[in-house]
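Asker: Here it is: the structure, laid out below.
Each value in this text was obtained by applying a stated rule to the coordinates, not by laboratory testing. All figures in this text were calculated on a predicted structure; none of them were measured in a lab. Neighbour counts run over all protein chains shown; Cβ positions are idealised from the backbone, glycine included.
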Amino acid sequence: MPIISFDAELLLASGQPSQLAVTAGNVRAMVSGDIPSPARNEPLDDSSAARYISRTGGTPFSLVNLKVSAETPLFLPASSLNQLRRDALEELEQNIVTGHQLPASRPSSLRLFPPAPDMSASPMLYLLVRNLETYRILKAENLGQMIAAPYDYRPGKLEGFLSFIDQTDIIALPPQMRNGALEDASLSICRSGHAMMLSNIGQLGLPPTHPFFVGEAVPVWNNRAASLLVSLGARGICLSRELARSEIANLKQDSIEWILPVYGRAAVMLLNHCPERVRRGLNSNRAGCRLCDKGQGVRRDALHDRFQAAYPLLPTHFEDYCLITMYHHTALNLLSKAPRMSWLLDFTDETPQQALAIARTYHTLLRGEPSSWGQLQTGRFLEGVL
């Protein structure tokens, strides 16, 4: 939250309500409070009043200067000063909001693009992978549009990963990144010429060099949201797994390419601590941690609940920390229940051979031919959120 500096003046007069004026830039607010009493010991001065007026915790405000103006030695209790501060800052915040003029045009970083072409007549299969071995095997089969999710953003690692990815394929960003890492990654991806799949609504402010794709972590539930994303350059939108088929049917199918997740585990939690480091009692030098590099970290590991259901863990490495994604114990698998539209296969802990078998199954289904793999798991697709 950005800090808003303000100056204050406390006006005291015998027999009159106290007044507190606060100013931030060219915005001013003034409120009235209790009547001060004659000072018996120490009258209010700049220093003693500032102890209470400066208590702005939980707000964006920070006191810079306070002046007390009083004709005679006067006193206000702490409760009165606190109430004056709360009332004044509340009014100041409202005045700032009211006086803020919206820009006449969109920020330059939100570039506008022409509407996306109608893709409803030619559904595609999208394959999201998280390691290069699976990428290489599926790419060789040419079963659909590849999406690669890098798992290492430490210096030099992303550029090495991108060098293995065909320029026609898409790079998926992680759902949580610090500002510096996000800016560096987006620049590297733009320089490489790859399209991006955004995984957080905060990533919409990135200046892509060409239209982008929207991952399912960006909630898009209606046609108006889709229209906004199209105007910003979205080429395709991955639907939320929370949507039921009846809700999906209400979306305007020719406005953009809708991509339905038909296979894969849902991300259920993001961990900013590493369970393996916690287990080992490690609480320092996160930047120097190399457990995963040595095969001793959480990659290919899982957490188990009291029913022994396994929740796979996949780490994404950054320069000074790791983001651990925990996935659901059961993978979505719509099979023949999936309607005819573009589909997403989201691979997490599958072996390359399993991923290939699943991709072949859905490639066959998308052609309208019968095929099957594993057990049917419809998630919320049939009934939605109950």
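Asker: Charges at C-beta only: +1 for Lys and Arg, -1 for Asp and Glu. How large is the resulting dipole of the chain about its Cα centre, in Debye rounded to 20? Walk me through the numbers on the way to the answer.
Answerer: On the way: 36 positive and 36 negative charges, 197 e Å.
I would put it at about 940 debye.
Asker: Considering only C-alpha atoms, what is the centroid distance from the range 330-355 to the range 298-314, in Å?
Answerer: A separation of 20 Å, based on Cα centres.
Asker: Just in the range 152-240: which trypsin sites (Lys or Arg not before Pro) are loop by DSSP and have at most 14 other Cβ atoms within 10 Å? Don't skip to the answer; put the middle values down first.
Answerer: Values: sites: LYS157, ARG178, ARG191, ARG224, ARG235; in loops: ARG178.
Passing sites in the range 152-240 are ARG178.
Asker: Using the charge dipole of the chain (Lys, Arg: +1 at Cβ; Asp, Glu: -1 at Cβ; taken about the Cα centre), state which of ALA8, LEU291, HIS194 has its Cα farthest towards the positive end.
Answerer: Value: LEU291.
Asker: Here is a further query. Filter the chymotrypsin sites (Phe, Trp or Tyr not before Pro) in the range 125-168 to those in DSSP coil with at most 15 other Cβ atoms within 10 Å of their Cβ, and list the result. Please report the intermediate quantities before stating the final value.
Answerer: Working: sites: TYR126, TYR135, TYR151, TYR153, PHE161, PHE164; in loops: TYR151, TYR153, PHE164.
Loop-located and lightly packed - PHE164.
Asker: Any idea what % of Cα-Cα pairs in the chain are farther than 41 Å? Kindly include the intermediate steps, with their values, before the conclusion.
Answerer: Numbers: 26491 of 74305 pairs.
Percentage above 41 Å: 36.
Asker: Semi-axes, largest first, in whole Å: what does sqrt of 5 times each Cα gyration tensor eigenvalue give for the range 270-321?
Answerer: Numbers: eigenvalues 87, 26, 20 Å².
In descending order, the three semi-axes are 21, 11, 10 Å.
Asker: Which residue, PRO38, PRO123, PRO315, tops the fluctuation ranking in a GNM of the chain built on C-alpha contacts under 10 Å?
Answerer: Residue with maximal mean-square fluctuation among PRO38, PRO123, PRO315: PRO38.
Asker: OK, next. Leaving out same-chain residues fewer than 8 places away, which aspartates and glutamates sit with a Cα under 16 Å from that of LYS252?
Answerer: By straight Cα distance, LYS252 reaches ASP118.
Asker: Can I ask one more? Calculate how steeply helix 352-366 sits against the longest principal axis of the alpha-carbon atoms of the chain, using the helix alpha-carbon long axis, and give the answer as 0 to 90 degrees to the nearest 10.
Answerer: Once rounded, the angle reads 80 degrees.
Asker: Excluding residues on the same chain fewer than 8 positions from LYS157, give the lysines whose Cα lies under 23 Å from its Cα.
Answerer: Leaving aside lysines fewer than 8 places away in the same chain, those within reach of LYS157 are LYS139, LYS294.
Asker: Can you list the trypsin sites (Lys or Arg not before Pro) in the range 288-378 that are in a DSSP coil and have 12 or fewer other beta carbons within 10 angstrom? If you can, show how the numbers build up before the last one.
Answerer: On the way: sites: ARG290, LYS294, ARG299, ARG300, ARG306, LYS337, ARG340, ARG360, ARG367; in loops: ARG290, LYS294, ARG299, ARG300, ARG306, ARG340, ARG367.
Listed in order of number, the matching sites are ARG290, LYS294, ARG300, ARG306, ARG340, ARG367.
Asker: Could you give the alpha-carbon Rg of the range 4-99 over 2.2 N^0.38 Å, rounded to two decimals?
Answerer: Values: Rg = 12.8 Å, N = 96, 2.2 N^0.38 = 12.5 Å.
In units of the globular-protein estimate, the range 4-99 measures up at 1.03.
Asker: Mind checking the angle between helix 132-141 and the chain's longest principal axis? C-alpha axes, 0 to 90 degrees, to the nearest 10.
Answerer: Tilt of helix 132-141: around 50 degrees.
Asker: Ok, one more. Be a star and scan the range 24-47 for residues whose amide nitrogen sits under 20 Å from the point 7 Å along the Cα-to-Cβ vector of THR98.
Answerer: Under 20 Å, as judged by backbone N against the label point of THR98, lie 24-33 of the range 24-47.
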